[in-house]
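One structure below.
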Amino acid sequence: MATEHDEYMGSLKAQLAKLFEVSLKVTVPNELDVEPLVAACNGKFGDYQCNNAMGLWSKIKGKGAPFRGPPAVGEAIKNNLPSSEMIESCSVAGPGFVNVVLSKNWMAKSIQKMLIEGIDMWAPLPPVKTAVVDFSSPNIAKEMHVGHLRSTIIGDTLARMLEFSKVKVLRRNHVGDWGTQFGMLIEFLFEKFPNFEDATETAIGDLQAFYKASKQRFDADPAFKERAQQAVVRLQGGEDKYRRAWARICQISRTEFHKVYQRLGVHLEEKGESFYNPYIPGVIEALNKQGLVEESQGARVIFIEGINIPLIVVKSDGGFNYASTDLAALWYRLNEEKAEWIIYVTDVGQQQHFDMFFKAAKRAGWLPQGDSSYPKASHVGFGLVLGEDGKRFRTRNTEVVRLVDLLDEAKVRSKAALIERGKGEEWTEEEIESTAEAVSYGAVKYADLKNNRLTNYTFNFDQMLNDKGNTAVYLLYAHARICSIIRRSGKDIEELKNKGTLVLGHKDERDLGLHLLQFAEVVEEACTNLLPNVLCDYLYNLSEIFSKFYSNPECKVIGSDMETSRLLLCEATAVVMRKCFDLLGIAPIYKI
């Protein structure tokens with residue numbers, strides 16, 4: 001029996017599905033495992049709809065069922081629903097659609113309960129305990145650029161949504177810290193800095209330039225090239241001097257990466273390619289014993305059904321590659337870290353690699369054949385960041401844009417806009433700095449996340465920093481306005497939560513209340529389909545529905561006889577907006 005606490009937990013859709021599950025078992029007792037098909041609807045006929053009748057009719061007609069068509073099945077489903085205080089009324093429309101109108105009293109009580117107990121009670125509960133989110137993953141000795149921006153922002157949001165959903169998330173930065181390029185970098189480091197351990201970020205300067213200079217030397221000087229190739233062998237053989245030089249280069253890179261992560265407020269744990277290196281021989285040997293690894297043109301490969309090129313796991317020169325490392329990493333994540341869901345966030349250009357690599361893991365029996373059962377691996381692909389000319393986003397001299405410069409430019413523009421609005425006189429320097437930071441970094445993140453990640457998007461400062469339309473600036477200001485309404489009332493909102501009563505008497509109040517209660521299922525959908533834009537759409541719609549409520553003279557807040565209830569509705573909106581911001585990695589602002 002559900003306790004009172006369970007009544008108010010999680011998504012409306014899931015709670016209604018439980019009720020319809022009971023009804024379906026009574027309505028068609030001989031049909032096993034019928035999944036309730038419950039969906040939100042547009043409000044004309046109801047708030048939610050159960051759409052099982054037509055599908056069930058096609059299964060049961062001719063089997064002596066006591067129904068004469070889908071509408072009769074719908075009527076039976078409606079009549080067999082257990083009584084629940086969450087439902088005000090039900091009706092059947094068309095070919096058996098069961099429409100549900102939720103109880104206003106139950107909705108109001110549910111929102112008030114969330115205000116008292118906290119929004120965590122609305123967290124969805126996915127069927128996994130541990131997940132790995134592999135994201136950002138820049139290459140050592142190369143600058144982070146806008147491509148890494150997308151992976152970092154999308155990966156962080158997916159990790160945040162899973163963490164909110166009570167999943168233990170291993171945030172993995174799979175940096176490119178191993179491979180043949182380190183030979184030339186180490187040799188170049190020895191040349192430029194004989195006492196290489198004294199080499200600092202300041203001394204080396206621009207790592208990207210250091211990388212380019214070493215590459216030019218590698219291509220132009222055969223003697224240097226030979227030394228660089230020997231350096232790779234000595235590094236992989238574990239020679240101390242070479243390992244220390246490698247560690248120095250990695251550390252300087254990490255310091256650069258950290259500047260970006262600090263600005264974006266992103267936390268990652270590094271487990272780079274080198275970490276999985278010791279596991280590769282054993283993993284490939286195990287796959288070999290299963291008969292999966294074959295010889296092909298001197299290389300060792302795994303053939304994948306339906307794909308005409310094989311997955312190379314050992315190159316013809318005996319070296320390992322991305323596939324070798326990725327297989328070892330997946331083995332480690334499944335067997336050592338006990339992850340049930342492994343999510344890789346990279347550009348769509350790597351789709352085929354992941355498709356082949358996942359199919360190889362299924363052939364090995366590491367992952368189940370279907371995509372609906374766990375453990376599972378998912379590739380979260382994303383499109384390009386374009387400049388305003390519609391081409392890949394670059395600086396004027398065709399260099400990729402450094403991420404640190406991009407974020408700093410956004411902050412400068414945001415700060416200038418605040419000063420233009422006269423905040424320089426009203427606010428402290430600290431308030432201007434923190435607001436400029438929240439708004440600018442939030443704007444960059446939201447401009448990316450609001451798009452379906454598979455599409456390319458155009459990077460445009462003017463659009464993303466606009467305070468009108470579907471932008472972070474507009475949403476952050478909308479949140480700040482709600483906070484100012486509550487402050488202006490002079491009421492103690494914490495006291496009202498416990499002593500006041502929330503009522504959804506007006507249609508605009510009820511619309512807002514329903515949208516607030518749909519938060520849990522939106523997070524669940526965004527998580528399940530790995531689509532952050534679903535949450536952005538919800539947040540923007542929430543601010544629009546709130547505006548409609550607040551600008552309606554019939555819903556006056558301060559000074560009306562419904563002030564307490566409406567202040568609670570304002571606070572509930574602010575709480576849900578803040579949680580949306582939190583999941584998107586955006587810091588809220590409280591005054592404008």
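The values are calculated or read from the model by the stated rules, or taken from the named source; none is laboratory data. Not measured: the values here are computed from a predicted model. Don't worry about glycine lacking a Cβ; one is built from the backbone with ideal geometry, like all the others, and counts go over all protein chains shown. Note: accessible area is taken over every heavy atom of the protein model, side chains too, but ligands, DNA and RNA are not part of it. Shrake-Rupley method; radii C 1.70, N 1.55, O 1.52, S 1.80 Å.
Conditions (1) within 22 Å of Ile249 (Cα to Cα); (2) part of a loop (DSSP other than H, G, I, E, B); (3) touching a residue at least 60 places away in the same chain (Cβ under 8 Å); (4) hydrophobic (A, V, I, L, M, F, W, C), marked per residue:
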| position | (1), (2), (3), (4) |
| --- | --- |
| Ser137 | yes, yes, yes, no |
| Lys142 | yes, yes, yes, no |
| Arg150 | no, no, yes, no |
| Ile154 | no, no, yes, yes |
| Thr157 | no, no, yes, no |
| Arg160 | no, no, yes, no |
| Glu163 | no, no, no, no |
| Lys166 | no, yes, no, no |
| Arg172 | yes, no, yes, no |
_Checklist (1) of a type outside the set (Phe, Trp, Tyr); (2) open to solvent by less than 40 Å² (accessible area, probe 1.4 Å); (3) in contact with a Ser or Thr (Cβ under 6 Å, 6 or more places away or on another chain) applied to Leu115, failing item_ = (3)
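Examine the range 449-458 for a residue that is assigned to a helix (DSSP H, G or I) and at pLDDT 95 or above, and state whether such a residue exists. Write out each step before concluding.
First, pick out the residues of the range 449-458 that are assigned to a helix (DSSP H, G or I): 449.
Filter once more, keeping what is at pLDDT 95 or above: 449.
There is at least one residue in the range 449-458 that is assigned to a helix (DSSP H, G or I) and at pLDDT 95 or above.
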*asked:* What's the total number of residues in the range 476-508 that are closer than 25 Å to Ile592 by Cβ, over 25 Å from the mean Cα position of the chain (by Cα), in a helix (DSSP H, G or I) and not basic (Lys, Arg)?
replied: 10
*Residue identified as closer than 30 Å to Lys13 by Cα and surrounded by fewer than 23 Cβ atoms within 10 Å (Cβ to Cβ) among Glu495, Glu544*: Glu544
*Looking only at residues in the range 309-332 that are under 32 Å from the mean Cα position of the chain (by Cα) and of a type in the set (Ser, Thr, Tyr), which one is modelled with the lowest pLDDT?*
Tyr322
*Subset tally (residues that are within 22 Å of Lys497 (Cα to Cα) and out of contact with any Ser or Thr (no Cβ under 8 Å at 6 or more places or on another chain)) for the range 66-107*: 5
_Looking only at the range 581-591, how many residues end up being surrounded by fewer than 23 Cβ atoms within 10 Å (Cβ to Cβ) and assigned to a helix (DSSP H, G or I)?_
2
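Please work out which residue is surrounded by the most Cβ atoms within 10 Å (Cβ to Cβ), limiting yourself to the range 459-475 and to residues that are outside any loop (DSSP other than H, G, I, E, B) and either of a type outside the set (Phe, Trp, Tyr) or touching a His at 6+ places or on another chain (Cβ under 8 Å) (or both).
First, the residues of the range 459-475 that are outside any loop (DSSP other than H, G, I, E, B): 461-464, 472-475.
Still in the list and also either of a type outside the set (Phe, Trp, Tyr) or touching a His at 6+ places or on another chain (Cβ under 8 Å) (or both): 462-464, 472-473, 475.
On the way: Asp462: 8, Gln463: 14, Met464: 23, Ala472: 28, Val473: 22, Leu475: 26.
Here the answer is Ala472.
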*Can you tell which of Leu535, Leu530, Leu516, Leu539 is of a type in the set (A, V, I, L, M) and open to solvent by 10 Å² or more (accessible area, probe 1.4 Å)?*
Leu530
*Can you work out which of the residues in the range 299-319 that are open to solvent by 30 Å² or more (accessible area, probe 1.4 Å) and not in a loop (DSSP other than H, G, I, E, B) is nearest to Gln350 (Cα to Cα)?*
Ile312
*State whether one or more residues within the range 347-360 are touching a residue at least 40 places away in the same chain (Cβ under 8 Å), within 30 Å of Ala587 (Cα to Cα) and crowded, with 19+ Cβ neighbours inside 10 Å.*
no
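Go over the candidates Val38, Val101 one by one and state the one that is at pLDDT 95 or above, in contact with a strand residue (DSSP E or B) (Cβ under 9 Å, 6 or more places away or on another chain) and either loosely packed, with under 14 Cβ neighbours inside 10 Å or within 16 Å of His515 (Cα to Cα) (or both). I'd like the intermediate steps shown before the answer.
On the way: Val38 fails: either loosely packed, with under 14 Cβ neighbours inside 10 Å or within 16 Å of His515 (Cα to Cα) (or both).
After applying the criteria, what remains is Val101.
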_Residue check, Ser83 open to solvent by 50 Å² or more (accessible area, probe 1.4 Å), modelled with pLDDT of 90 or more, touching a strand residue (DSSP E or B) at 6+ places or on another chain (Cβ under 7 Å) and among the hydroxyl-bearing types (Ser, Thr, Tyr)_ = no
*Would you check which residues across the range 86-130 are of a type outside the set (A, V, I, L, M), in contact with a helix residue (DSSP H, G or I) (Cβ under 7 Å, 6 or more places away or on another chain) and in contact (Cβ under 8 Å) with a residue 60 or more places away in the chain and list them?*
Lys104, Ser110, Gln112, Trp122, Pro124, Pro126
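Can you pull out every residue in the range 535-559 that is part of a helix (DSSP H, G or I) and among the charged types (D, E, K, R)?
Step one: filter the range 535-559 for residues part of a helix (DSSP H, G or I), giving 535-551, 553-555.
Asp537, Glu544, Lys548, Glu554 - these are the residues of the range 535-559 that are part of a helix (DSSP H, G or I) and among the charged types (D, E, K, R).
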*When the range 129-163 is examined, which residues are found to be surrounded by fewer than 19 Cβ atoms within 10 Å (Cβ to Cβ), at pLDDT 95 or above and of a type outside the set (D, E, K, R)?*
Thr130
*Taking Gln181 as meeting all but one of (1) open to solvent by 30 Å² or more (accessible area, probe 1.4 Å); (2) over 37 Å from the mean Cα position of the chain (by Cα), write down the number of the exception.*
(2)
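Kindly indicate whether any position in the range 388-398 is part of a helix (DSSP H, G or I) and touching a residue at least 60 places away in the same chain (Cβ under 8 Å). Can you show your working first?
The initial filter retains those residues of the range 388-398 that are part of a helix (DSSP H, G or I), namely none.
No - not one qualifying residue is present in the range 388-398.
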